[in-house]
Structure formats: C-alpha cells, structure tokens
Amino acid sequence: MTTTGVEATVHPGGILKSLSINESALRHPNLATLILDAVDQATSQANYRIQHLLGTIDPALLGLPTPPTPDDTTPTTWRTQ
C-alpha cells in the first residue's frame with residue numbers, strides 16, 4: 001500500500017514484509033505518521049483478503065485477529081440500556 005511516498009507490504013495479522021520510503025517522503029515532517037498509516041492500510045487490506053479467502057473458517061484458529069463485530073465498534077453510550 002502506498003501513501004505519499006511510503007509503501008508497506010504486510011502479511012495477514014500485520015507482520016511487516018517490506019517497507020519502501022522514497023526520497024520525497026524523507027523530507028515530510030510527519031514521516032512516522034505516514035509510515036504508520038501505510039502499514040495500517042496494508043494490514044487492513046491483507047486481513048480483509050485472508051478473511052475473504054477463509055470464508056467461514058475462524059481466523060483465530062490460524063492465529064489471526066478476528067474482525068470486529070458491530071457490538072465491538074459501537075460506543076457503549078449509544079447502546080440501549
């Protein structure tokens with residue numbers, strides 16, 4: 001995944017495979033943020049692809065993170081009491 005001169009490739013689960021930073025990105029004042037954003041985006045895509053391939057198999061059986069459910073991402077203040 002490329003984000004403004006930073007390219008990250010990860011395996012499912014977020015294990016970094018490669019990281020490339022071009023010269024223009026080295027001058028960016030928030031280089032660390034660019035790197036983290038690229039890794040986050042690449043991780044999200046890798047996890048989505050593997051979950052799509054697994055279908056109904058539980059990713060936890062392979063040591064992969066399980067996708068969040070709507071209940072996991074809904075703030076408790078929005079929930080019906």
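The values are calculated or read from the model by the stated rules, or taken from the named source; none is laboratory data. None of these values were measured; they are calculated from a predicted model. Cβ: placed from backbone, ideal geometry, glycine included. Neighbour counts: every protein chain shown.
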Inset, instruction - Provide a single number: the residues in region 1-48 that are within 18 Å of Leu64 (Cβ to Cβ), acidic (Asp, Glu) and outside any helix (DSSP H, G or I). - result: 0
Inset, instruction - Would you check if Thr77 is more than 17 Å from the chain's Cα centre (by Cα) and either at pLDDT below 90 or at positive phi (or both)? - result: yes
Inset, instruction - Show the residue pairs that are 6+ apart or on different chains and have beta-carbon atoms under 6 Å apart, the first residue being within region 1-23 and surrounded by fewer than 13 Cβ atoms within 10 Å (Cβ to Cβ), the second being outside any strand (DSSP E or B) and modelled with pLDDT of 85 or more. - result: Asn22/Gly5
